[in-house]
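Visitor: The structure is given below, and queries will be raised subsequently.
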Amino acid sequence: MRRKRLTVACLAAGLALTGCSAASTGSGKGGSTLTYLTFETPSLTATFWDTSIAGAEKKVPDVTVKKIVAPSTDRDAYAKQLQASGQFPDLLQSITPSTFATAGLLKPYDQKWVNANFLLPMGNAYKGKVYIPPTNSQIIPEVFYDKKLFAKAHITAPPKTWPEFMAVCAKLKAAGITPVELGGGDPFSASMPLVGILSADVLGKDPNWLKERYAGKVRFTDANVKAAVTKYRTMVKNGYFEDGALGVKYADSITHFTSGKAAMYMMGSWFLGSVPKDRADDFGAFLTPTEDGSLVVPFAVGGSMAISAKTAAPAKATAFAEAWSLDPANYKALIEGDGAFPMLKGKTLDDYGVNVTKVFKDSYSYVTQQNTKVSAFGWATNDDSMPSGLNNAFYAASQALFSSNDVDGQLAKLDAAWDSATK
């Protein structure tokens with residue numbers, strides 16, 4: 001998820017080498033060739049994308065799809081560079097709709113089709129329209145914990161309130177156990193504790209806070225936001241993260257936690273795909289505790305692919321996107337490897353042929369139960385999404401606040417960045 005910049009010249013050269021064109025073209029008599037921006041991770045491999053593309057191609061006659069692979073998981077930045085060079089793809093996987101819809105670059109899906117097929121049809125809608133089918137969801141973050149390390153510190157149950165959480169941290173530290181793992185070397189990973197606390201304390205009490213920030217009714221420097229951020233600073237000052245956490249990369253933080261070097265790990269539910277299968281029962285999960293113990297689920301509805309409004313073959317692009325998005329076979333890798341919670345109507349986990357852990361099922365219950373769900377702070381793709389560039393500013397503030405007591409200064413910077421981005 002680290003953000004990388006490439007020159008347009010390099011991008012063009014890369015596309016030429018792979019034979020990919022970002023414009024729809026003819027493919028034999030009556031056929032169409034579509035370009036499809038994807039990304040690869042240890043779970044979503046090249047084989048996964050090739051297989052899923054082939055499956056959807058079989059359901060849409062006379063369509064050939066050329067895969068473009070983003071150089072990092074920052075699809076938005078890469079899509080912007082492709083657009084700037086006149087190579088905007090016909091289909092774009094898991095981008096942030098608000099970044100492109102406002103420029104007229106995306107074609108919305110038919111609302112009747114969305115309503116008929118997904119549990120939360122408007123879960124990731126932007127300004128009343130769905131630009132990415134709401135195929136799956138995540139909780140960002142959960143607090144994962146090592147049951148054996150809890151037992152070693154004589155902790156018998158996960159905390160439900162913030163004071164209980166801090167008491168658990170203190171007890172773990174006293175037992176010589178690092179309370180919380182933090183991959184502070186990667187900006188998005190460094191932000192996870194703040195995402196959890198702000199979602200619980202700010203959005204939990206005012207779910208419309210982000211919309212109100214757009215309207216200028218609230219600010220980051222307000223007392224309630226400062227109080228939430230101060231909780232994170234207290235965790236740092238009390239030594240509840242490992243020494244040198246800002247130097248720990250995201251991948252290493254997973255290894256540290258799963259190998260027993262820390263008792264808790266605040267991370268998106270995609271971590272469920274990294275739970276060691278041979279000791280999966282050693283791990284549990286709870287949500288970032290609130291002051292009074294009320295349950296707040298920091299929720300993000302993701303999805304499959306957006307369709308370019310500029311594609312020369314809109315009917316074919318739509319047919320391919322719909323076929324891909326409704327194929328249960330594509331969900332298996334997302335569920336098992338990426339910890340995604342499926343959102344297709346009329347399906348149970350058994351319908352996807354998956355083998356998941358108890359901690360996955362326990363986490364999924366937060367999705368299916370009636371409870372207070374709010375947009376995960378900084379991770380929404382709907383009307384609660386932050387302005388372009390604000391996520392990077394938020395990540396930078398998260399890293400700065402690990403070593404700086406200047407809460408007021410960092411929050412003022414976020415307000416300034418927001419105001420600049422929304423002029």
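The values are calculated or read from the model by the stated rules, or taken from the named source; none is laboratory data. Worth saying up front: this structure is predicted, and the values here are computed from it rather than measured. Here Cβ is always computed from backbone atoms with ideal geometry, including for glycine, and neighbour counts include all displayed protein chains.
Visitor: Scan segment 254-268 and give yes if some residue there is assigned to a helix (DSSP H, G or I), polar (S, T, N, Q), at pLDDT 95 or above and within 22 Å of V296 (Cβ to Cβ), otherwise no.
Guide: No, segment 254-268 contains no residue that is assigned to a helix (DSSP H, G or I), polar (S, T, N, Q), at pLDDT 95 or above and within 22 Å of V296 (Cβ to Cβ).
One line per residue, one yes/no per condition, for (1) without any contact (Cβ under 8 Å) to a residue 60 or more places away in the chain; (2) over 18 Å from G268 (Cα atoms); (3) part of a strand (DSSP E or B):
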site: S137; (1), (2), (3): no, no, yes
site: V143; (1), (2), (3): no, no, yes
site: K171; (1), (2), (3): yes, yes, no
site: V195; (1), (2), (3): no, no, no
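Visitor: Which residues, counting only those in segment 174-191, are without any contact (Cβ under 8 Å) to a residue 24 or more places away in the chain and either in a loop (DSSP other than H, G, I, E, B) or among the β-branched types (V, I, T) (or both)?
Guide: A175, G176
Visitor: Just to be sure, is S385 of a type in the set (S, T, N, Q), crowded, with 20+ Cβ neighbours inside 10 Å and over 25 Å from W49 (Cα atoms)?
Guide: Criteria met by S385.
Visitor: Could you please give the count of residues in segment 84-103 that are under 18 Å from T33 (Cα atoms) and more than 21 Å from the chain's Cα centre (by Cα)?
Guide: 5
Visitor: Also, quick follow-up: Of the residues P328, P342, which single one is closer than 18 Å to L119 by Cβ and either outside the structural domain of V60 (by TED's automatic domain parsing) or free of Cβ contacts under 8 Å to residues at least 40 places away in the same chain (or both)?
Guide: That would be P328, the only listed residue that is closer than 18 Å to L119 by Cβ and either outside the structural domain of V60 (by TED's automatic domain parsing) or free of Cβ contacts under 8 Å to residues at least 40 places away in the same chain (or both).
Visitor: Separate question: Counting just the residues of segment 112-135 that are among the charged types (D, E, K, R) and not in a loop (DSSP other than H, G, I, E, B), which one comes out farthest from S294 (Cα to Cα)?
Guide: K112
Visitor: In addition: Looking at segment 276-287, which of its residues are within 29 Å of V130 (Cβ to Cβ) and either assigned to a helix (DSSP H, G or I) or among the acidic types (D, E) (or both)?
Guide: Scanning segment 276-287 gives no hits.
Visitor: Does segment 22-61 hold any residues that are modelled with pLDDT of 95 or more, among the charged types (D, E, K, R) and touching a Ser or Thr at 6+ places or on another chain (Cβ under 9 Å), and which are they?
Guide: Within segment 22-61, E57 is the sole residue that qualifies.
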